[in-house]
1. What are the ³J(HN,Hα) couplings of segment 111-128, residue after residue, when phi is run through the Karplus curve with 6.51, -1.76, 1.60 and θ = phi - 60°? Round to Hz, x for glycine and proline.
2. Tally Lys/Arg at +1 and Asp/Glu at -1 over every other residue whose Cβ is under 10 Å from the Cβ of Val51; what's the total?
Amino acid sequence: CYDVTNRAKQIAASRASNNGALAASRASFGNVTPRCPVGTAFNPNNGKITVRSKALIAYGDVELDLSGLEQIVSREQTNSIALALQRLTALENGSKMTIFQVLTQLNALLDHEGLEALTNGQFDGSLARPRTFEIAGAINRLRVDGSFVQLK
């Protein structure tokens, strides 16, 4: 058995003294242009939205693969995400709300009214609240023409 602890500490210390990576991480990324979702672009093409599994939503003609969203733990959360995407269709085309503002407003609505806000006041026992990050991840995976406009 050979103990490499001291050698590992030396390597770590030599890397810590190299401020190149740290300086690069502090560099400005530049200006990020906010994106505004366009409500009508979120209408499913054939009108059907089906949650096929915990990681898959058939949203019109688009298959939304949510397998990269590791914090989704149940199909009930995916049901809620599908209903949240449907709420985006209510956004007006001229609306200049950014994706962050839309998600903040949706989060406030869910805080105030609960999951019934997604089902127009109807009780649905097959829903569980997803995190805002997972809803945003689903929105980013829904690639349809004209779904976002860039603010200038």
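1. 5, 7, 9, x, 5, 5, 4, 7, 10, 6, x, 7, 6, 9, x, 9, 10, 9
2. With Lys, Arg at +1 and Asp, Glu at -1, the neighbours total +2.
A short reminder: the numbers here are calculations on the coordinates, not readings from a lab. Remember, it's a predicted structure, so these values are computed and weren't measured experimentally. We place every Cβ from the backbone using ideal geometry, glycine too, and count neighbours over all the protein chains shown.
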